[in-house]
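The values are calculated or read from the model by the stated rules, or taken from the named source; none is laboratory data. For clarity, every value in this text was computed on a predicted model and none was experimentally measured. When we count neighbours, we look across all protein chains shown, and the Cβ atoms used for this are built from the backbone with ideal geometry, even at glycine.
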Amino acid sequence: MKDTNPQVEEQLNKLAEIICESLNGKEAVVNDESEALLKSLLMSGYARQEGVSLQVDLEARVKDACREPTMNRGGELSAITGKLLQKFNDLKRWESRQPDDQDKPKAANISAATDA
């Protein structure tokens, strides 16, 4: 693993637990909790670290945490971590939008837009 702070380590470990539960059929992988963890990772600066790959880090942690379900389900593990990586990338794109990227405010009604 790369040099990360304890907060990032905890977030990655919690995501690995969610993936293990998903592999065991207990929980959907992309849910409110996993999305909150991905946002926390983003805010913690994980995306700015050199040489890190969320998918690789998660797969390694999942293989360590729940060896049994991952032994014969590598394709499913890759699909799950791929979904989380896509969600993370979507969040990263959203957070990096500049205020200029947004539409200009519009008048709420015609009378507000004119002097009528």
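Checked against (1) outside any loop (DSSP other than H, G, I, E, B); (2) farther than 20 Å from Leu77 by Cα; (3) without any contact (Cβ under 8 Å) to a residue 12 or more places away in the chain, Leu42 passes all but a single condition, namely (3).
The residues listed here are Ser53, Ser44; of these, the one that is in contact with a helix residue (DSSP H, G or I) (Cβ under 7 Å, 6 or more places away or on another chain) and modelled with pLDDT of 80 or more is Ser44.
Screening Glu68 against (1) exposed (fewer than 14 other Cβ atoms within 10 Å of the Cβ); (2) in contact (Cβ under 8 Å) with a residue 40 or more places away in the chain; (3) of a type in the set (Asp, Glu) leaves a single unmet condition, (2). Of the residues making up the stretch 4-39, just one is farther than 23 Å from Arg93 by Cα, part of a loop (DSSP other than H, G, I, E, B) and touching a residue at least 40 places away in the same chain (Cβ under 8 Å), namely Asn24.
So which of Pro69, Pro105 ends up being in a helix (DSSP H, G or I) and at pLDDT below 75?
Working: Pro105 fails: in a helix (DSSP H, G or I).
Pro69 is the lone residue from the list that is in a helix (DSSP H, G or I) and at pLDDT below 75.
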